[in-house]
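To start, the structure under review is shown below, and the notes come after it.
Coordinate-derived values only; no laboratory data. All of these numbers come straight from a predicted model, not from anything done at the bench.
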Amino acid sequence: MQIVGQVNITMPNIPSSLAKVGDKLRSSDINIDAISCSEGPTHSIIHLIVDDVETAKLLLKDLGAVTTSEVIALKVRNSTGVIANIGRSCAAKGINIRMIYATTCGKEAMVYVRVENVAKAIDLLREWEKSAGKLAT
């Protein structure tokens, strides 16, 4: 488990927006580790986990409004109930999950969680890691 930077860019909700973001990042050899998109009627927010947050921010600023946020990255088993367990654990401690998304590969998954209180969530999820036995080894 670790805290990682997430790059968020607001783009027009039109064909080519995602391609423009991808091309900009590719031009500086920045890899996208995970991606999510929140759609709106005229604009979308593309959320990216990349291997160079600072360079990505600089590259993308001419395409749209760019912000960053801290998210918790968890490596877990790709199995039934893991997301429910994360949600239940956070809810029990009053931690609101603002965003969650995951990427999977075989028996493992990377789950990215954005919360309001990262330090509190890290402590809770470390406890969950030990007791739930759901994290990948």
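Summary of the geometry: the stretch 90-132 and the stretch 10-64, compared by the centres of their Cα atoms, lie 24 Å apart.
Computed per residue of the chain from DSSP H runs no shorter than four, each worth -39500 (n - 2.57), the mean residue ellipticity at 222 nm is -10000 deg cm²/dmol.
If one computes P(r) from the Cα atoms of the stretch 2-70, what percent of pairs lie at distances over 13 Å?
60 percent
In the distance distribution for the chain, Cα-Cα pairs more than 27 Å apart total 25 percent. Only lysine pairs 8 or more places apart, or on different chains, with alpha-carbon atoms under 29 angstrom apart are counted in the chain, and they number 21. Convex hull volume of the Cα atoms of the stretch 71-132, normalised per residue: 71 Å³.
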